[in-house]
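> The structure follows.
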Amino acid sequence: MLAVHDLEIRIGARLLMSGVNFRVDQGDKIGLVGRNGAGKTTLTKILAGENPPTGGTVERHGEIGYLPQDPRSGDPEELARTRILNARGLGDLMVKLEQATEDMGSIDQEVYDRGMRNYSRYDDEFQSAGGYAAEAEASAIASNLGIKDSILNQPLKTLSGGQRRRIELARILFSNARTMILDEPTNHLDADSVIWLRDFLKSYTGGLIVISHDVDLIGETVNRVFYLDAIRTVIDVYNMGWHNYLKQRESDQERRKRERANAEKKASTLQLQAARFGAKASKAAAAHQMVKRAEKLISGLEDVREVDRVARIRFPEPAPCGKTPLFAENLSKSYGSLEIFTAVDLAIDKGSKVVVLGLNGAGKTTLLKLILGTIAPDSGTATMGTRIEVAYFDQMREGLDLNASLEDYISPGSEWIEINGNKKHVKSYLSDFLFAPERTNSPVSTLSGGERNRLLLARLFARPANVLVLDEPTNDLDIDTLDLLEQLLQDYKGTVFLVSHDRYFLDNVVTSIIANEGDGFWREYEGGYEDWKIQKARSDKIRAANSGLKSEPKPEVKIEPKVEAKPVAAKSGVQKLNGKERQELETLPLQIENLETEQADIGIAMSNPDLYKNQPELAASMQARLSEITADLDIKLQRWELLLSRSES
């Protein structure tokens with residue numbers, strides 16, 4: 001379906017790759033990985049036919065569905081629903097059918113006759129293209145991607161960037177394309193939609209090329225991995241799944257390290273010999289050849305070491321601040337009839353790392369902006385504590401000046417930047433973020449989506465903030481940079497308040513979760529993403545049980561009256577608690593609290609990724625204990641509910 005021959009790609013004078021050959025056949029599911037700026041997005045645009053290659057050819061067979069990072073295609077006046085349905089030619093037909101239906105209601109005989117003719121014609125075409133069954137399929141795809149009917153009925157020009165992206169993804173998934181090329185398809189999707197997309201791609205039978213920072217999606221869907229090596233300007237093809245690729249790539253990297261070490265050793269020997277030979281005129285030519293051989297051996301080694309330098313980046317030490325940097329009281333916010341928050345109280349302590357979870361449209365970004373003071377609540381207050389310095393990461397990158405050079409964006413008007421009291425040249429600082437010195441005077445507009453996010457992070461790290469507010473910071477980042485960001489945030493001593501759908505990132509970084517429970521109600525959970533899932537499932541179960549107890553009709557007890565007998569009260573059918581049971585009811589809450597505390601402590605300990613590498617037996621025992629606690633909690637909670645209901649009867 002795709003065949004690439006001797007492909008060469010350049011951006012200006014910079015060579016991204018050359019001599020590239022590969023095929024994508026039916027059933028191939030390829031994960032395209034590599035550092036931000038390696039050329040992943042550039043390659044996908046060329047494969048999709050959006051841009052021409054510098055050299056070589058791309059053969060395409062069958063329809064290609066391409067999701068770019070920032071989709072803006074389609075008529076801005078077109079309805080979102082029509083845009084999706086037109087992937088199979090249904091959207092415009094539905095518009096024509098609606099017009100024909102309107103014409104059939106006309107009292108003008110000529111208009112009526114035209115409507116009758118057109119309806120019959122368009123309805124035949126509509127049914128041939130899949131009809132209402134296909135329309136229902138498109139609606140189901142849109143719903144699973146978190147696209148509401150209210151959005152589907154809006155023109156494209158009125159939608160946000162994230163909404164447009166989901167509309168384009170729905171269109172591509174509905175299109176029945178033979179090959180799909182998806183550039184970060186999980187961006188702007190909530191957790192449930194990501195899981196659904198993962199299952200969809202697993203069952204997809206065509207060819208797939210996907211760029212994603214979502215390790216779960218890559219791990220469960222791809223059967224081949226293409227690694228774009230920006231240093232060697234080649235694509236390493238691994239005909240295996242993600243997990244086997246990671247092992248093989250690590251082995252390849254170790255081999256290359258040994259080869260580099262040997263090359264450096266040989267080059268050093270040659271340079272020493274050249275220095276000795278250079279002192280003699282008769283051996284000057286031999287010395288010159290030795291220098292050339294040494295230079296050839298070490299050429300490219302500096303670029304390789306540049307990758308390793310990223311790990312030395314650290315946040316500036318946060319300045320001292322008050323005990324509670326962020327807090328809100330009785331916070332409420334609505335948009336029209338939609339309640340986003342209702343009487344929310346919030347206190348985020350110093351050093352906490354808190355994530356806001358919820359479906360798209362639940363108000364996560366709104367909460368961040370309320371805390372930052374960029375929008376006002378309908379009621380209540382959102383306040384920052386004393387001596388607070390905030391650094392904000394915006395998922396839509398609205399703060400980026402596309403015309404500024406990288407240097408000017410990081411350090412306007414100065415070649416130097418101060419980190420922890422030490423001055424550093426801005427070129428050197430940017431090189432820590434994998435921006436080569438020759439690129440630092442280029443405009444921001446020349447960067448890829450992932451590179452732009454990396455630049456935003458570079459600016460974020462340069463500020464001596466004690467509170468980080470991050471809105472989807474993992475979008476478009478390559479997996480290595482994502483791992484680095486996780487480590488940086490783990491080590492950060494300040495307060496972090498963020499929105500993210502990346503569950504691995506959340507498990508590795510956050511200490512608590514504020515989750516939207518619906519109808520403007522928000523609740524805080526301790527621990528990471530997996531801890532939240534366990535606690536949420538348990539609280540849903542209790543809520544359902546309580547609802548069942550409240551809604552369960554009381555049994556009717558019929559009493560046959562007897563004239564000669566005294567009135568007798570009807571029995572409820574529920575036995576009162578005996579002494580032992582009353583004592584049990586009093587002690588159960590403390591037992592439940594102790595178990596929940598232990599559960600949270602284990603969850604925090606297990607969120608440390610080093611535990612699994614350094615102490616696998618301890619990690620296994622913790623997991624076993626966690627399962628025991630979960631089962632024990634369910635039993636005790638059910639017993640407590642039963643005794644409580646009997647005590648109140």
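The values are calculated or read from the model by the stated rules, or taken from the named source; none is laboratory data. Keep in mind it's a predicted model, so treat the numbers as computed, not measured. Note that we place each Cβ from the backbone using ideal geometry, even for glycine, and neighbour counts take in every protein chain shown. Each accessible area value is taken on the protein alone, full model and side chains, heavy atoms only, with ligands, DNA and RNA left out. Shrake-Rupley method; radii C 1.70, N 1.55, O 1.52, S 1.80 Å.
> Under 16 Å from the 7 Å Cα→Cβ point of Ser160, by amide nitrogen: which residues of segment 188-209?
Within reach of a label on Ser160, which here means backbone N under 16 Å from a point 7 Å along Cα→Cβ, segment 188-209 contributes 188-191.
> Averaged per residue, what accessible surface does segment 9-105 expose to a 1.4 Å probe, in Å²?
Per residue, segment 9-105 has an accessible area of 45 Å².
> Hey, another quick one. Going by a ≥ b ≥ c, the root eigenvalues of the Cα gyration tensor, does segment 156-220 fall in the rounded group (a/c under 1.5), the prolate group (a/b larger than b/c) or the oblate group?
oblate
> Now, a different point. So, by mean Cβ neighbours within 10 angstrom, what's the order for 135-147, 403-415 with the highest one leading?
Packing proxy ranking, top to bottom: 135-147, 403-415.
> A further question follows. Kindly flag which residue pairs out of Lys350/Lys424; Lys265/Lys292; Lys40/Lys157; Lys580/Lys636; Lys333/Lys364 have an alpha-carbon separation exceeding 18 Å in this structure.
Cα-Cα > 18 Å for Lys350/Lys424; Lys40/Lys157; rest within.
> With a 1.4 Å probe and all protein chains in place, put Tyr525, Tyr227 in order of accessible area, largest first.
The most accessible residue leads, giving Tyr227, Tyr525.
> Excluding ligands, DNA and RNA, what is the solvent-accessible area per residue of segment 152-278 at a probe of 1.4 Å, expressed in Å²?
Value for segment 152-278: 42 Å² per residue.
> What is the antiparallel percent of DSSP beta bridges lying wholly in segment 158-291, to the nearest 5?
50
> Carbon-plus-sulfur fraction of the accessible area of segment 496-536, 1.4 Å probe, in percent?
C and S atoms contribute 45 percent here.
> On to the next question. Considering Cα pairs under 8 angstrom that are at least six residues apart, work out the relative contact order of segment 164-286 and quote it in whole percent.
16
> What is the percent carbon and sulfur in the accessible area of segment 196-258, measuring with a 1.4 Å probe over the protein chains and ignoring ligands?
Carbon plus sulfur share of accessible area: 47 percent.
> Just the number please: accessible area per residue for segment 321-470, 1.4 Å probe, all protein chains included, in Å².
45
> Then there's this: List the GluC sites (Glu not before Pro) in segment 469-534 that DSSP assigns to loop (not H, G, I, E or B) and whose Cβ has at most 10 other Cβ atoms within 10 Å. Which are they?
Sites meeting the loop and neighbour criteria: none at all.
> Any number yet on Rg/Rh for segment 209-278, C-alpha, Kirkwood?
1.24
> Keeping all protein chains in the complex and leaving out DNA, RNA and ligands, what accessible area do you get for His288 with a 1.4 Å probe, in Å² to the nearest 10?
His288 has an accessible surface of roughly 110 Å² with all protein chains in place.
> Can you tell me the Rg and Dmax of segment 389-495, counting just the alpha carbons, in angstroms?
Here Rg and the maximum Cα pair distance are 13.2, 35 Å.
> Mind jotting down a quarter of the surface of the convex hull over the alpha carbons of segment 19-128, in square nanometres, one decimal?
10.5
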